[in-house]
Amino acid sequence: MKFGKDNRYRLLVGLYVFVVILAGCGERSSEEFYGKTSPPSDNVMRYVSGSEPESLDPAIPTGQPEARLLMAIHDGLVEYHPKTMKPIPAIAESWEISPDVSEYIFYLRKNAVFSNGDPIKAQDFVYSFQRALDPDFLAKNAYLAYYIKYAEAYNSKLAFVKRPDGTFLLKRELEGSGAAPEVSTELFGPETEFGKSLTGPERLTVPVDEKNRAELFEKNEKLKAMAADAEFVPVAASDLGLEAIDDYTLRIKLRQSAPFFIDLLSHQFFKVVHRGAIEKHGKQWVRPENIVTSGAFRVKEHHPYDRIVLEKDPLYWDAESVRLDGIEFYPLEEATTMMNLYKAGSLYAVYNAVPPAAWIDTLREYEHEYMDHPAVTLQYYTFNVTRAPMDNEKVRKAFALAVDREALAKFRKTSKPTIDFTPIGIFPEYEEIRDRIYARELAKQGRTLEQWKAKMFDPEAARDLLAEAGFPVSRSGDAWVCPDFPIAEVEVLYNTSESNKAIAEFLQAQWRQNLGITVPLKNMEWKTFLNVRKELDYRGLGRAGWVGDYMDPFTFLKLFYTKENDSSTGWYDPKYDRLVNEANRELDPVKRFELLAEAEFFVMDQQPVIPFMTDSTNWMKKPFVKGMYPNPQTLHPWKFVYIEQDQEKWDRFAEKIMTNRDESVLSHVERLMSTQVARDAIRAQRASTDQSRPKQ
């Protein structure tokens, strides 16, 4: 049953009034908990997921509201660890990785089936990935799979260049010594003819479209000459670095070394889908009566803009460990409504960043429910380094030093100030190594790490830098002035929202107060804003934010990688790429982090962006909901969540929830990991033996 917008809100208001009356007539709220706190007798989790999902097809949506839901009904090769978000086995019970980290072999469990009972095989994953990358499918998340060999070329409608003699033009032939290092040409895993073909050098690709190809050739005479009389063969789905070696063995060949790729595979984009249901029903395959799923839960009802009801799937390969009987997702967006329904006991948890800023000081008093942990996010501003005056490094550093990040974080209430591009509290091992590498690099400049961190806010140094750049700052009464600064060439661009406006106004006030420069503000709707910033069609600074796609520092540092990077700054340096490439070929995690930290220092020392703050998770859950943790992305593997009726076993003290050990959850995780741990041990022993064996 569909509800129109007016009816929907009447329904929500009616529901709210009803539950408030019910709560008042039944159990009274105690001071210990926020509102009615009584576990449900039907063992069903009730959760607010965010806006109405764009689709239940995992290859289509890009947002967290869908991700929260899709994790329940679709499964993949790996799953998120409920606390750390690191990958743990799912349909793949184990995997092996090639020495140069460019090839992955997955061994699928043989008891995994779809919700209709059909077995899940390696061929299903090949189909799912090929479908999602089909250029006509228009998946907005397709870029996540571009690490797979020829995935970007296929998704971008490119073609191989086939010479008259039948050979293909190779990428390295055009790029010469400037080409990125190629991955190993040695076959890893079971030997097959297709596997051997995947190890060949990377072919060059050009646009399929004749007009676009002609424009490219006009810009590159060398390429034009090399492609003379050639045939242009469109990259096909069958060219992708994907192979079902047999029913239960899957090979994925990458175009580059990528130790983080296994983390990325937990993302919803890589979930397996049922080919038969899609081919039979087309776009209608996601309707409740048609959908075939692969997760711990299956779709029972879907009432758009009202609720999505899931029930436990008894055919799920790990069904014996799934403790909830069902989940009800409510697509709501209005924060006050969500918090009132939570207080009334109609919802058992809300998602991240729901509690309004004005409520937070009060909510923090409910120490068993309020979740305030680091999130894998970063708020920052970009500089357009291709235009004056922001092409001057000293000007960029002056603007960065003139912002009081501590004051901004207090203004935001749920943020922590930072001067680094990888967020605080998310990658502790990396942060420790980063400090050591920063100290080493700063010593070369005659500075210390303490001095670096103390420079988070230094208006005097900022004014000195502006003067060195040719824009002296002087006193005029009680204010600073900078009369020579080309203010007509600078503005602050941000996408329209009250929160973004408030931050932009805060920054504007900081620069006026500390530099004597009043930077004009310019807001823009989201879709237009993204294109303007990406095309560098802005002057001065642009608002930006990033949520990590996976749990590795490279999910942030990749924004500056390659000449066509996504930083929206125009900044590029080959040295940065060399450091990153070397890091991602490094199997030793400590050495890899050292190289990534060196790369991060290199880019931040040139200041193409101003990092401001790392956000916190900022959400609430009832203490009787167990196995649901404030992990960095606030994405919950629902198979680990359960309702605890015994009040003595409820979660207490939310700040300790990440360090407390819930045996029923973590023993489940350890059992799933056991096969992979054993495989890793054998691999490590083999590597040790190979290193100690005398060379011939």
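Taken together, the values in this text are just the output of simple stated rules run on the coordinates, not laboratory data. No experiment lies behind these values; they were computed from the predicted model shown. Cβ coordinates were reconstructed from backbone atoms using ideal geometry, including for glycine residues, and neighbour counts include every protein chain displayed.
Summary of computed values
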| quantity | calculated |
| --- | --- |
| Under 27 Å from the Cα of residue 224 - lysines, other chains or at least 8 residues apart | 149, 157, 162, 171, 211, 563 |
| Value of relative contact order over the chain, rounded to a whole percent, pairs C-alpha under 8 Å and six or more apart | 20 percent |
| Approximate shape of the stretch 261-308 as ellipsoid semi-axes (Cα gyration tensor, √5λ), whole Å, largest first | 22, 16, 9 |
| Peptides 107-115, 650-658, 527-535 ordered by average Cβ neighbours within 10 Å, highest first | 107-115, 650-658, 527-535 |
| Protection proxy ranking, peptides 420-430, 481-491, average beta carbon neighbours within 10 Å, highest first | 420-430, 481-491 |
| Shape category assigned to the stretch 66-142 from the gyration tensor of Cα positions, a/c cut at 1.5 | rounded |
| Trypsin sites (Lys or Arg not before Pro) lying in DSSP loop within the stretch 434-495, provided at most 14 other Cβ fall within 10 Å | 447 |
| Rel. contact order, % - alpha carbon contacts under 8 angstrom, at least six apart, the stretch 106-198 | 12 percent |
| Histogram of C-alpha separations across the stretch 463-555, 10 Å bin width, % | 15, 37, 30, 16, 3, 0 |
| Proxy reagent accessibility, fewest Cβ within 10 Å first, across 673, 371 | 673, 371 |
| Förster radius 60 Å - calculated FRET efficiency between residue 165 and residue 451, Cβ distance, rounded to 0.05 | 0.45 |
| Gyration tensor verdict on the stretch 270-352 (Cα atoms; rounded if a/c is under 1.5, prolate if a/b is larger than b/c, oblate otherwise) | oblate |
| Rounded Å value of the spacing that divides the Cα centres of the stretch 495-516 and the stretch 349-404 | 13 Å |
| For the stretch 512-519, 3J(HN,Hα) per residue [Karplus equation, 6.51 cos²θ - 1.76 cosθ + 1.60, θ = phi - 60°, Hz, x = Gly/Pro] | 5, 6, 9, 10, x, 10, 9, 8 |
| Per-residue HN-Hα couplings for the stretch 141-155 [Karplus 6.51, -1.76, 1.60; θ = phi - 60°; Hz; x = Gly/Pro] | 8, 4, 4, 4, 9, 5, 6, 5, 4, 6, 5, 5, 4, 5, 5 |
